[in-house]
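Presented below is the structure to which this report refers.
The values are calculated or read from the model by the stated rules, or taken from the named source; none is laboratory data. Note that the coordinates shown come from a computational prediction; the quantities given were computed from them, not determined experimentally. Cβ coordinates were reconstructed from backbone atoms using ideal geometry, including for glycine residues, and neighbour counts include every protein chain displayed.
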Amino acid sequence: MTDSALPAAGEHDAVSQRDPMAVAYASLIEGVGENLARPGLVKTPARAAEAFRYLCSGYTRSLEDIVNGALFPSDNDEMVIVRDIEFYSLCEHHILPIIGKVDIGYLPAGRVLGLSKLARIVDMYARRLQIQEQLTRQIADAVQQVTGAQGVAVHMKASHMCMMMRGVEKQHSQTTTSVMLGAFREDAATRNEFLQLIRT
């Protein structure tokens, strides 16, 4: 392809000229020495801005939106666990992916939450700039707030691209965090039952 077939400078992506986030991505791409007029990059600033908005869409959601009335009366007071909820987040220090799974358990106190809402709560907080320790706490506090449960347990295991792609470059490292509230924190037998169930 000849130079004359490439978009003229300044015409590479009209959207980038109107969207401040796309303009910022264009600056980053040019900053590493790339040519924004190259065919493969013509629409990249706009695409990257759209992707970043999606990955950070948790800022536009609220617990009320997520739960949407999906709390149901129940006589069950035994442990409810949803395991292996996958999540994708962005490290707030380097804006690189955090990829992992989370297990959530709670002891109902007269009502239960629709199971899919637990996954949606995870997504709401994961789709923000995060550190894993904070993410684990936010999920636990949200489940406690919504359900009024006797106790909540959250266990999270994740890989951090900021450790794998840069810096120490440790490809098999994983980080585990947990938050125990109420009965899970106060009663060792309840806590151990949860930990045993998520490992089997």
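Pairs linking a residue in the range 18-31 that is in contact (Cβ under 8 Å) with a residue 40 or more places away in the chain and more than 18 Å from Leu55 (Cβ to Cβ) to a residue that is outside any helix (DSSP H, G or I) and acidic (Asp, Glu), with Cβ atoms under 6 Å and 6 or more positions apart or on different chains, do not occur.
So in the range 138-152, with the set limited to residues that are of a type outside the set (Val, Ile, Thr) and in a helix (DSSP H, G or I), which one is surrounded by the most Cβ atoms within 10 Å (Cβ to Cβ)? Break it down into steps so the answer makes sense when it comes.
Keep residues of the range 138-152 that are of a type outside the set (Val, Ile, Thr), which gives 138, 140-142, 144-145, 148-151.
Right, trim to in a helix (DSSP H, G or I) and you get 138, 140-142, 144-145.
On the way: Gln138: 20, Ala140: 25, Asp141: 16, Ala142: 21, Gln144: 18, Gln145: 13.
Restricting to residues being of a type outside the set (Val, Ile, Thr) and in a helix (DSSP H, G or I), the top hit is Ala140.
Applying the set (1) assigned to a helix (DSSP H, G or I); (2) modelled with pLDDT under 95 to Asn76 leaves exactly one unmet item: (1).
Test Leu107 against the criterion of being of a type in the set (A, V, I, L, M) and touching a Leu at 6+ places or on another chain (Cβ under 8 Å), and give yes or no.
On the way: of a type in the set (A, V, I, L, M): yes; touching a Leu at 6+ places or on another chain (Cβ under 8 Å): no.
Considered against the rule, which asks whether it is of a type in the set (A, V, I, L, M) and touching a Leu at 6+ places or on another chain (Cβ under 8 Å), Leu107 comes out as no.
A Cβ distance below 6 Å, combined with a sequence gap of six or more or placement on separate chains, defines the contacts here; from the range 174-200, residues that are at positive phi reach residues that are outside any strand (DSSP E or B) and not small (Gly, Ala, Ser) in the pairs Gly182/Gln150. When the range 77-93 is limited to residues that are within 15 Å of the chain's Cα centre (by Cα) and over 14 Å from Asp123 (Cα atoms), the one that is surrounded by the fewest Cβ atoms within 10 Å (Cβ to Cβ) turns out to be His93.
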